[in-house]
1. Can you name the residue in the stretch 136-157 that is of a type in the set (A, V, I, L, M, F, W, C) and within 22 Å of GLN14 (Cβ to Cβ) and, of all such residues, is most open to solvent (accessible area, probe 1.4 Å)?
2. What are the residue pairs meeting all of these: first residue in the stretch 5-16, first residue over 18 Å from THR32 (Cβ atoms), second residue among the aromatic types (Phe, Trp, Tyr) and not in a helix (DSSP H, G or I), Cβ atoms under 8 Å, and 6 or more apart or on different chains?
3. Is one or more of the residues making up the stretch 181-201 among the acidic types (Asp, Glu) and open to solvent by 100 Å² or more (accessible area, probe 1.4 Å)?
4. Looking at the stretch 204-212, can you tell me whether even one residue there is free of Cβ contacts under 8 Å to residues at least 40 places away in the same chain, of a type outside the set (Val, Ile, Thr) and not in a helix (DSSP H, G or I)?
5. Let me spell it out: the conditions are (1) of a type in the set (D, E, K, R); (2) crowded, with 22+ Cβ neighbours inside 10 Å; (3) without any contact (Cβ under 8 Å) to a residue 24 or more places away in the chain, and GLU95 meets all of them except one. Which number is the exception?
6. Answer yes or no as to whether ARG126 is surrounded by fewer than 18 Cβ atoms within 10 Å (Cβ to Cβ) and in a helix (DSSP H, G or I).
7. Looking only at residues in the stretch 36-72 that are at pLDDT 95 or above and charged (D, E, K, R), which one is surrounded by the fewest Cβ atoms within 10 Å (Cβ to Cβ)?
8. Among the numbered conditions (1) buried (at least 16 other Cβ atoms within 10 Å of the Cβ); (2) closer than 25 Å to GLU139 by Cβ, tell me where VAL78 comes up short.
Amino acid sequence: MLPIDQVLDSLLAQTRDHARTVVQAPPGAGKTTRVPLALLQQPWLRGKILLIQPRRLAVYGAARRMAFTLEEKPGATVGYRTRYDQKTSSATRIEVITEGIFLRQIQSDPELNGIGLVIFDEFHERSVNLDLGLAFALETQTALRDESDPLKLLVMSATLDGDRLSHWLNAPLIQSEGRCFAVETRYAPLPPNTYLDQHVAQVCLRALQNDSGNLLVFLPGLRELQRVKQRLEESGLPNQV
């Protein structure tokens, strides 16, 4: 059970009864993958769900995780669209997209026909595209959609001031407390004449050998992630990467 599960019933009720809802939940609470799937089951929600993510890697990760939860592959019930790739079908009901894709979609189709809910995830990572997308969505909601075919908006954030945002949007605020874990800092500087991906892979291997649990690794970009992944797979950990 994830922290967001404790407020899901309230979140679903508020989203049903209000045009706009704000969710404040810390990282790891489960809001990105739990909330869209829970809303998908609601009989009052008609149309597709758009889940907007600020980065392509987040798009891929969210779509794959939700598809895995449904025991499907991306492109079935859950699909995604980015500038460089897309996996959708006629069966897709949740589309995970970047903010740039959303801007192009709402400019070409201001009414957002066939869309029942737009979720702005990680809204604390403010950008011009994200703010503009929300402004367009608010206009669509208030001026272009009929009451018989409403557009719901859900704004989710980890660190943004939820009270201020909910007041600005005139929307109820749902808060998830999350969970705290002890943090231990270990410093492993990059040795001379060693590539970053080589060093990171070695640190990961030591951690897996000496400690129990899983690893979450942050790196500068996709290229670095792929190189570390390749080194770990070559070390004999294909099922753990």
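1. LEU138
2. ARG16/TRP44
3. yes
4. Yes, that holds for at least one residue.
5. (3)
6. Judged against the criteria, ARG126 is not a match.
7. Once the filter is applied, the top-ranked residue is GLU71.
8. Of (1) buried (at least 16 other Cβ atoms within 10 Å of the Cβ); (2) closer than 25 Å to GLU139 by Cβ, only one is false for VAL78: (2).
The values are calculated or read from the model by the stated rules, or taken from the named source; none is laboratory data. Predicted model only: the values in this text are computed from it and were never measured. Please note: Cβ atoms are built from the backbone with ideal geometry, for glycine as well, and neighbour counts cover all protein chains shown. For the accessible areas, the whole protein counts, side chains as well, though only heavy atoms, and no ligand, DNA or RNA atoms are used. Shrake-Rupley method; radii C 1.70, N 1.55, O 1.52, S 1.80 Å.
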